[in-house]
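Notes for the one structure printed next.
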Amino acid sequence: PQKKSFHRSQTLGYKNGFAFSRLPTVGIGGERLYVNQLSQAELDELSNMRPTLTYGQAKQAPPSGFIPAHVAFDKKILKFDAYFQEDVPLSAEEHYRIRQVGIYYYLEDDSMSVIEPVVQNSGLLQGKLVRRHRVPKNDRGDHYHWKDLNRGMNITMYGRTYRIVDCDPFTQVFLESQGIELNPPEKMVFDPYTELRRMPVRKYVTPSDFDQLKQFLTYDKQVLRFYATWDDTNSMFGENRPYIIHYYLADDTVEVREVYKQNDGRDPFPILIKRQRLPKTFVDKKKTFPSCVLEISDQEVLEWYTAKDFAVGKSTTLLGRTFFIYDCDEFTRNFYREKFGITDFQPVEIKKKPLEEVPQVIPPYNGFGILEDSLQNCFSLLPKPPRKDIIKMLENHHKVLRYQVALESPNPEDRKRHFILSYFLSNDMISIYEPPVRNSGIIGGKYLGKTRVAKPGSTTENATYYEPSDLTIGSTIEVFGHRFVITDADEYVLNYMESNAESFPAATLQSLRDHFRPRQVVKVTANSDIPTLGTSKQELDELIVQVQEELKLHKCLNNKNIREAFLQCDEDGSGVLEKAKFLALCDSLNVPTDAFLVNKLIDLCSCGEDKINYHDFLRAFPS
């Protein structure tokens with residue numbers, strides 16, 4: 001109880017870099033040890049070495065030679081025949097597939113590999129399925145050993161189960177030498193779809209008495225030629241077409257070729273039926289047998305076509321088409337004369353049916369575009385523009401006849417509308433333009449684009465268009481359902497018709513002369529120096545000065561607008577306006593026509609009963 005030191009001596013140490021243990025020299029707390037210092041292991045070793053201590057060291061046998069595994073098992077491989085089943089989900093012909101493989105086990109390093117023999121045109125990725133390595137057996141880190149392999153067992157590698165059915169003789173001898181009892185071998189399972197498609201074994205048929213080689217050597221390059229027609233006029237778009245039938249005597253084959261003519265519009269496919277044996281009579285088939293098959297063998301055909309089945313003047317049905325033979329060549333006549341004794345080879349005359357002339361019906365005009373241009377769509381798939389009169393276009397280039405027309409309408413708003421009708425002499429087209437009028441509520445501008453206007457009552461077969469001779473003063477023209485009355489014309493119209501009087505009716509020319517005669521008289525009067533209504537020029541000038549002094553009191557008057565209004569109202573530029581129109585224009589411009597001096601000036605500017613020369617009147621409104 002009085003002991004205070006309890007430390008123990010060190011028993012572990014290092015010597016030359018190696019750890020070793022030694023016995024304690026003192027006890028706990030440095031006390032002296034009185035027990036045996038040898039360990040139990042040393043005591044056991046001394047007890048085992050009693051013979052050696054008594055008789056001396058025994059002579060040991062030399063050690064056997066060491067051979068490593070990679071030398072002892074070099075190139076020694078265990079081979080097992082196996083297969084695995086693979087699902088085929090997207091096929092109506094097979095639901096699964098059997099794939100045969102070989103499992104190889106390498107004894108030198110306990111590695112394995114799986115190789116599938118390559119099958120040509122299989123469409124599968126074959127060859128090495130599992131590369132050579134140590135294949136894991138489970139999730140605990142174990143690997144497959146050759147003791148785990150046997151016949152008639154399943155082995156799973158990477159989620160795929162293989163069925164081992166057999167092994168090679170070396171594998172069998174090795175496993176039996178190691179004390180493994182092998183299971184009996186099983187039959188290899190084959191893929192059912194591959195077996196179904198496997199070619200049948202060729203069956204040899206005893207040759208008949210007919211020698212085909214002799215026929216080939218005798219009739220080689222000898223061909224019978226027949227001229228035939230195929231009448232297909234009963235069907236839609238059918239016709240009677242010529243053909244040439246070749247019969248090859250060397251192998252009893254038939255060929256049908258088409259006859260093409262120059263510029264017949266057909267594609268160059270000269271062969272209708274390629275050279276082959278043609279069946280004449282089939283064996284009685286069941287109703288379930290398909291009428292169209294890929295190949296026709298001797299089992300389905302009772303009789304084939306031969307040379308005696310072709311004759312001039314008879315019809316022959318080849319693959320559903322009936323051909324009428326109307327002639328043959330000279331070699332064919334000699335062959336039938338010598339072989340069959342036929343002497344009648346009178347050719348048959350083929351009469352072609354006359355083509356029915358279908359009258360061309362032109363559809364009614366739909367109103368789009370020019371009539372001649374729309375008519376070209378009925379004559380050609382790629383219509384061409386109608387031909388133009390180039391001489392007429394060159395002679396009448398930039399020659400336009402202008403008329404003033406009024407719209408004939410029951411609406412009161414349309415009665416005050418005025419239009420300018422332009423007739424283009426180069427192409428006989430008409431355009432209508434409406435001059436814009438301020439505060440009229442109607443947008444002016446182009447009313448009708450350049451086009452040819454047909455007369456009322458004209459048809460698409462016999463269309464008549466308006467000409468310059470139809471445009472007279474006071475006449476009415478109908479333009480696409482709208483009626484216009486010609487009220488005035490340009491002086492160029494009168495000059496052009498007078499220069500070409502032989503091309504226009506006398507009534508048209510006379511109506512223009514009667515219309516322009518009073519205007520020409522007014523112009524001569526306005527341009528002359530003779531005072532209006534017997535008044536002197538000096539008196540007119542004095543009156544204009546007095547009117548200007550009186551109008552100075554009316555500061556609201558705008559002389560510039562007054563002059564523009566009168567000039568715009570005078571459309572023909574004659575300088576003369578109607579009295580009612582003149583007074584209405586003065587009222588709209590706030591001109592005091594009730595003043596004495598202004599009323600006197602209007603009387604002095606009058607030329608006739610209802611005409612007023614506004615040039616002298618505008619002198620009172622200097623701009």
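The values are calculated or read from the model by the stated rules, or taken from the named source; none is laboratory data. This one's a predicted model, so the numbers in the text were calculated from it and none came from an experiment. Cβ placement follows ideal geometry from the backbone for every residue including glycine, while neighbour counts extend to all protein chains displayed. Accessible surface is based on the protein model in full, side chains and every heavy atom, while ligands, DNA and RNA are left aside. Shrake-Rupley method; radii C 1.70, N 1.55, O 1.52, S 1.80 Å.
Quick look at the values:
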| item | result |
| --- | --- |
| Residue in region 457-476 that is within 14 Å of Tyr403 (Cβ to Cβ) and either assigned to a strand (DSSP E or B) or not assigned by the TED database to the domain that holds His515 (or both) present | yes |
| Unmet requirement for Lys221, which otherwise passes all of (1) open to solvent by 70 Å² or more (accessible area, probe 1.4 Å); (2) more than 30 Å from Glu116 (Cβ to Cβ); (3) in contact (Cβ under 8 Å) with a residue 12 or more places away in the chain; (4) not in a loop (DSSP other than H, G, I, E, B) | (4) |
| Residue that is nearest to Arg99 (Cα to Cα) [pool: residues in region 172-212 that are more than 60 Å from the chain's Cα centre (by Cα) and not in a loop (DSSP other than H, G, I, E, B)] | Gln172 |
| Residues that are modelled with pLDDT under 70, surrounded by 13 or more Cβ atoms within 10 Å (Cβ to Cβ), of a type in the set (A, V, I, L, M, F, W, C) and assigned to a helix (DSSP H, G or I), drawn from region 538-596 | Leu551 |
| Spans of strands (runs of 3 or more DSSP E) in region 242-282 with at least 1 residues open to solvent by 50 Å² or more (accessible area, probe 1.4 Å), among the aliphatic types (A, V, I, L, M) and modelled with pLDDT of 90 or more | 271-276 |
| Residue list for region 296-310, filter: open to solvent by 30 Å² or more (accessible area, probe 1.4 Å), in contact (Cβ under 8 Å) with a residue 24 or more places away in the chain and either assigned to a strand (DSSP E or B) or among the hydrophobic types (A, V, I, L, M, F, W, C) (or both) | Glu303, Trp304 |
| Residue list for region 353-377, filter: free of Cβ contacts under 8 Å to residues at least 60 places away in the same chain, open to solvent by 80 Å² or more (accessible area, probe 1.4 Å) and charged (D, E, K, R) | Glu356, Glu357 |
| Only one of Leu33, Leu43 that is in a loop (DSSP other than H, G, I, E, B), open to solvent by less than 80 Å² (accessible area, probe 1.4 Å), farther than 30 Å from Gly127 by Cβ and not assigned by the TED database to the domain that holds Leu182 | Leu33 |
| Single match in Arg402, Arg337 (criterion: exposed (fewer than 15 other Cβ atoms within 10 Å of the Cβ), of a type in the set (Lys, Arg) and modelled with pLDDT of 90 or more) | Arg337 |
| Residue among Gly179, Gly123 that alone is modelled with pLDDT under 95 and within 27 Å of Val71 (Cβ to Cβ) | Gly179 |
| Close pairs from region 89-114: first without any contact (Cβ under 8 Å) to a residue 12 or more places away in the chain, partner assigned to a loop (DSSP other than H, G, I, E, B), Cβ under 8 Å, at least 6 apart | His95/Val88; Tyr96/Val88 |
| Candidate set: region 136-146, residues that are touching a residue at least 24 places away in the same chain (Cβ under 8 Å) and not aromatic (Phe, Trp, Tyr); chosen: the one least open to solvent (accessible area, probe 1.4 Å) | His145 |
| Residues satisfying the stated conditions in region 488-509, i.e. outside any loop (DSSP other than H, G, I, E, B) and open to solvent by less than 60 Å² (accessible area, probe 1.4 Å) | Asp488, Ala489, Val493, Leu494, Tyr496, Met497, Ala501, Thr508, Leu509 |
| Qualifying residues in region 45-80 (those that are touching a helix residue (DSSP H, G or I) at 6+ places or on another chain (Cβ under 9 Å) and at pLDDT 75 or above) - the one farthest from Asp166 (Cα to Cα) | Lys76 |
| Elements of type helices (runs of 4 or more DSSP H) in region 369-418, at least 2 residues being under 48 Å from the mean Cα position of the chain (by Cα) | 371-375, 390-395 |
| Output for region 46-58, where each listed residue is part of a loop (DSSP other than H, G, I, E, B) and among the polar types (S, T, N, Q) | Gln57 |
